[in-house]
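Down below is the structure, laid out as C-alpha cells.
The values are calculated or read from the model by the stated rules, or taken from the named source; none is laboratory data. In this text the structure is predicted, and so the values were computed from the model without any measurement. Positions of Cβ are backbone-derived with ideal geometry, glycine not excepted, and every protein chain shown enters the neighbour counts. Heads up: the accessible areas ignore ligands, DNA and RNA and are worked out on the full protein's heavy atoms, side chains in. Shrake-Rupley method; radii C 1.70, N 1.55, O 1.52, S 1.80 Å.
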Amino acid sequence: MPSRVSIREVGPRDGLQNESPVPTADKIRLVEALGSTGVQRIEAVSYVHPKAIPQMADADDVWAGIAREPGLRYSALVPNLRGAERALAGGFTEVEVVVSASDTHNRRNINRSTAESLDEIAPLIERLHAGGATAEVIIATSFGCPYEGDVDPARVAAIVDRVVADGADRVAFGDTTGMGTPRRVRELLTAVRERQPDIPVLLHFHNTRGTGLANILTALELGITEFDASVGGLGGCPYAPGASGNVATEEVVHMLHDMGVDTGIDLDAMIEAARLAEKIVGRELPSGVLRAGPRHRTIA
C-alpha cells in the first residue's frame, strides 16, 4: 500500500458542469476554498463551446478571478485545438483532453468516432507541448459504456498505445457511469501495464453503483497513487444516462487517512468546502462523510 496519494479535485469543473449554471463569483469562492484544504491539484475550468456546456461559459472569468495558491497545480479540460489555445492563452501548464473508449459515447459527447478523436488529439498534444504545457489524455467509459455495455480492456490499452505514441504525458481512466468494479479495475490496469508499464496513470471513479471506494482500494493495491475526486460527490457526465455520483473527495480522504495513507488534505477543511458547495448548488450532496462528520463514535 502506498504511503501517500495525490488527489485531483474536479468539483469545480466535472461537478459544476452538471448543475444549473452557478454564478462566476461562487465558482471562484469554491475553487479558493478547495485551494485552502491542502489539496495538491484542482481541475479549475473547461474550455468548451457555451452551447455544448453552458455551465462553463465563464471559464475565462473564473480563471482570471481566482486567487491562486502557491505550489497548487491547476488544470483545464479542453475538447479540441481551439480549447487548447484558450487554455494556453490563460497560462495553464497542465491540460487534459478526453476521448471515449466507446464510439457511441464519443459521438454523443463530441460528435466524432473514437478514431477521429484520436487523429485530432495528436496535433493537440504537439501544440500543448510547444506552448509549454503537459497533455493528459482522459479515456472515458474505460470500464463500461451506458450505450454499448462492456468495453474490452484490450481496446482501452490500444488507445493508450496510440496516445503514448503521439506524446501524451499521462493517461487517466474514467468510470463514466459507475460501471467499474474491482475486477474490471484489475483487468484494465493489467492490460495497460503489460503494454505501457511506464506511463503515469490516474483513475477517475464514480460511485453510482456504490463501488467507488472499493475500486480505489483495488487500484491502491496495484500501485496507483493518483485519483480524481469531487467535493461533496458533485458531478457526473451530461452525455451519459445515470452518470451522477463522482466519488466524494472527503469520503476518499477519510478512508485513506484511516488506513495511514497521507493525502496532504485537511479533512475538516474539505468538509467545510463541501458545505459551501451545497450552498452554492442549493441542494444536499450525496457525501456520507458530509452527513456523518469526519469521525464516528463507537456505541457499546
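On a per residue basis, the chain carries 40 Å² of accessible surface, using protein heavy atoms and a 1.4 Å probe.
Using the charge dipole of the chain (Lys, Arg: +1 at Cβ; Asp, Glu: -1 at Cβ; taken about the Cα centre), state which of Thr134, Ile216, Ile121 has its Cα farthest towards the positive end. The Cα lying farthest towards the positive end belongs to Ile216. Our summary gives the range 145-225 a relative contact order of 36 percent, counting only alpha carbon pairs under 8 angstrom and 6 or more residues apart.
What's the magnitude of the charge dipole for the chain around its Cα centre, counting Lys and Arg as +1 and Asp and Glu as -1 at the beta-carbon? Answer in Debye, nearest 20. Charge dipole of the chain: 420 debye, to the nearest 20. When DSSP beta bridges are limited to those with both residues in the chain, what percentage is antiparallel, rounded to the nearest 5? Beta bridges within the chain, antiparallel portion: roughly 5 percent. Under the criterion of Cα pairs below 8 Å and six or more residues apart, the relative contact order for the range 86-228 equals 21 percent. On the principal axes of its alpha carbon atoms, the range 83-160 extends 39, 22, 17 Å, with the longest extent given first.
Averaging 1/r over every pair of different alpha carbons in the range 117-242 and inverting the result gives a Kirkwood radius of 15.0 Å. Note: the chain, Cα convex hull, 122 Å³ per residue. Rounded to the nearest 20 debye, the dipole magnitude of the range 65-205 is 260 debye, with +1 charges on Lys and Arg beta carbons, -1 on Asp and Glu beta carbons, and the Cα centre as origin.
Extending 7 Å from the Cα toward the beta-carbon at both Arg291 and Arg73 defines two label points whose distance is 3.4 nm.
Could you please state how large a percent of the accessible area of the chain is carbon and sulfur, counting protein chains only and using a 1.4 Å probe? That share works out to 49 percent. The Cα-based radius of gyration and maximum Cα-Cα distance (Dmax) for the range 44-87 are 10.9, 34 Å. Classify the range 1-108 as rounded, prolate or oblate from the Cα gyration tensor: take a ≥ b ≥ c as the square roots of its eigenvalues, call it rounded if a/c is under 1.5, otherwise prolate when a/b beats b/c and oblate if not. It comes out oblate by the Cα gyration axes. When you restrict to C-alpha pairs under 8 Å that are six or more residues apart and normalise by the size of the chain, the relative contact order lands at 20 percent. Over all other residues within a Cβ to Cβ distance under 14 Å of Leu222, the charged ones net out to 0, with Lys and Arg as +1 and Asp and Glu as -1.
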